[in-house]
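Step one of this worksheet: look at the structure below.
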Amino acid sequence: MRRGATFPSLAGPRASGTRSSPPAAVRSDERTRRTTEGDAVRRCMTTWILGALVAAGLVTTSQMPSNDPGPLVAPEIQQVAGASHLKVVQRNVDGRRVRFNSTVKVAKDGKAQVLLMQEVCQAWLADLPEGWRVSYATTQPGASNHCPETAPGSKVFPKGVVAIWTKSKKKWSADSLPLEGELNRTPAMACVHVKSDGVWHDACSTHLVAFDKPLADKPPQGARDIRVKQATQMRDYFAGLLSGKKGKKRRVVVGGDFNHTPGPLVHEDTEYDPMGRLYAVPAGMSKGGQFTEGSQLGGTEGRTDGRGGAKTVPRKKKSGQDRKIDYIFFSNNFVGLGHPGKMTTSQMKKKHHSRLVAKVSLTAAAGDGTNPRPAPCTENECFRAQLGVQDYVYNENTRPSDVRLRRFVLDRKFYARAHPDVMAWAQEKVRTDGGKLYDHVEWHWRNRGITEGRMGSATFDPPYYLSIHPDVAAAYGATNYLGAIEHYVAHGQHEGRRGSIFFDVAHYKARYADIAGASNQDAMKHFTVFGMSEGRQGSADFGPAYYMGTNPDLQQAYGANHYRHGMSHWIAYGRAEGRPGAP
């Protein structure tokens, strides 16, 4: 997506690419170039003429000049003085003393505040530096491999998970959460709670099951099913920590060996994905998670919009590929996508778990874990300048000859997100019948959504269209939603009739000088292809950038400038919750 793209683009279809979410941090190096209305009209006329020459084969697209006025300006950021850092070290030491010692040394020499380890022999904890605050939970009571006995002749070789705060603090406590178990093992999560610099920090270490094992007095269960239950227990535990006014100020870190690889960016089997209980984004894959993973932090090797990052364990003969199963997570109330921070992963060695080291910046002056905030905004264009442009690749629907399936009538992703019951139905269809998620979504729209009067895109809402155009309702019927679609495609869009709460072509053309000279149809196309991703306000009733800018929880869930997500959220939830869409 070109930043600050101007209308119209007649140089052919856009190049395909992958969708990624830009960091939420404000881009301070953006600049502006304001143009007069007369210049915009002349620019549009020139582009139209060149477009006609391209169509006639007299000019190539490479000869066409660029109309890009340059990106938006970001207002000066009001920085909070005195930044500090939180450093976390995580490793599964595999019950090996040499790996335990080296990991402790890395944490001590690197001045990490948090150290998380798994498969640690309980006897080793006696050798930790004095003053370190420790929480330990036994997960393998009878483990004999490489662990010493608790006492000579006891035949007890406990091994477990440990969470450590490496600084001596007076106000602290430790607890553990028993997790859904399996025969011969007692999975758990160990947490240490420390008050540092006036803020409570919660550091937790866990180790989820790896293999299909029979359960005592229960039917056999697969390892993934057990991990889903364990992750759900963890999610509910953290929800308690982070709830209420005090909970919003806590800094929660959890790490461990989850024995589960992160799902792909587009994942359709979310119900049975344990990681969705931790990950907050992408929203379509989250099952109530409130965390940002280390590989999602700004400046890391992982993707900033989904689940990625370096592999942490070497390949096994059965799977034939390296895997990522070790993680560090930070609660989203103080760390989100694009947050100043970085995670590094040590090089994999044979049969070793990699060591993870994550470092995130904190604002010491605020004292409550909040990030530096930009200057306050009160309207859409200010938020738009601060949040920037959403990276988005626009693709037309596969069968645009069917008027019901044209993108400005049916946007399949918008439709699924705006109607959570449709998304749930489609996911269940994938699970039971197979196929692709959005093919099921499209089927629902064609066979049910139209007759039910569901809004299929940000630019067209059949019931809304009939309600504000009584002449159309009189001609077609007040509930003839297919008739409304056919009228809008054939006549309404060309006449400049408003089709939804989000888009009023007259408002859009009057608001933006570079669109003023466009036809009604082309102005709508600009909003659909470019405007929504740029956070442009399509009507007086809703500003996408304003909505995202005034709802930090949506920025954490979707990414700061995912304006398209914000629009579908308002239909699904925000409107009923009383969230304003415009000043």
Near pairs, Cβ below 9 angstrom, 6+ apart or cross-chain, from the range 97-119 (at positive phi) to any residue that is basic (Lys, Arg) and open to solvent by 40 Å² or more (accessible area, probe 1.4 Å): Lys111/Lys87; Glu119/Arg96
Residue under evaluation Ala576, criteria (1) outside any helix (DSSP H, G or I); (2) surrounded by fewer than 24 Cβ atoms within 10 Å (Cβ to Cβ); (3) among the small types (Gly, Ala, Ser), criterion not met: (1)
Yes/no for Val254 being in a strand (DSSP E or B), modelled with pLDDT of 90 or more and under 21 Å from the mean Cα position of the chain (by Cα): yes
Residue count for the range 515-524, restricted to those that are more than 15 Å from Arg497 (Cβ to Cβ) and in contact with a Ser or Thr (Cβ under 9 Å, 6 or more places away or on another chain): 1
Conditions (1) assigned to a helix (DSSP H, G or I); (2) farther than 24 Å from Tyr279 by Cα: number failed by Gly581: (1)
Breaking point among (1) free of Cβ contacts under 8 Å to residues at least 60 places away in the same chain; (2) over 12 Å from Ala458 (Cα atoms), for Ala545: (1)
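Residue-wise test of (1) within 25 Å of Gly543 (Cβ to Cβ); (2) more than 30 Å from the chain's Cα centre (by Cα); (3) surrounded by fewer than 23 Cβ atoms within 10 Å (Cβ to Cβ); (4) modelled with pLDDT of 95 or more.
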position	(1), (2), (3), (4)
Pro463	yes, yes, yes, yes
Ile468	yes, yes, yes, yes
Glu486	no, yes, yes, no
Val489	no, yes, yes, no
Ala513	yes, yes, yes, no
Ala516	yes, yes, yes, no
Residues being more than 32 Å from the chain's Cα centre (by Cα) and of a type outside the set (A, V, I, L, M) - total across the range 518-535: 3
Those helices (runs of 4 or more DSSP H) lying entirely in the range 415-506 with at least 2 residues touching a Ser or Thr at 6+ places or on another chain (Cβ under 8 Å) and either of a type outside the set (A, V, I, L, M, F, W, C) or over 17 Å from Arg575 (Cβ atoms) (or both): 462-468, 481-487
Residue among Thr304, Thr344, Thr292, Thr261 that alone is part of a loop (DSSP other than H, G, I, E, B), of a type outside the set (Gly, Ala, Ser) and at pLDDT 70 or above: Thr261
Among the candidates Pro158, Pro152, residue that is over 32 Å from the mean Cα position of the chain (by Cα), over 30 Å from Ser243 (Cβ atoms) and in contact (Cβ under 8 Å) with a residue 12 or more places away in the chain: Pro158
Test: Ala203 is outside any strand (DSSP E or B) and in contact (Cβ under 8 Å) with a residue 60 or more places away in the chain: no
Boolean, Val156 is among the aliphatic types (A, V, I, L, M), at pLDDT below 95 and open to solvent by 20 Å² or more (accessible area, probe 1.4 Å): yes
Residue that is modelled with the lowest pLDDT, among those in the range 348-391 that are among the acidic types (Asp, Glu) and open to solvent by less than 50 Å² (accessible area, probe 1.4 Å): Asp368
Checklist (1) at pLDDT 80 or above; (2) open to solvent by 10 Å² or more (accessible area, probe 1.4 Å); (3) part of a helix (DSSP H, G or I) applied to Gly284, failing item: (1)
Any hit, the range 524-535, residues being open to solvent by less than 10 Å² (accessible area, probe 1.4 Å), at pLDDT 95 or above, closer than 22 Å to Arg417 by Cβ and not in a helix (DSSP H, G or I): no
Test: Asp109 is open to solvent by 10 Å² or more (accessible area, probe 1.4 Å), acidic (Asp, Glu), more than 16 Å from His193 (Cα to Cα) and under 34 Å from the mean Cα position of the chain (by Cα): yes
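The values are calculated or read from the model by the stated rules, or taken from the named source; none is laboratory data. What you are looking at is a predicted structure, and each value in this text was computed from that prediction instead of being measured. All Cβ positions, glycine included, derive from the backbone under ideal geometry; neighbour counts span all protein chains shown. The accessibility values were calculated without ligands, DNA or RNA, using every heavy atom of the protein model including side chains. Shrake-Rupley method; radii C 1.70, N 1.55, O 1.52, S 1.80 Å.
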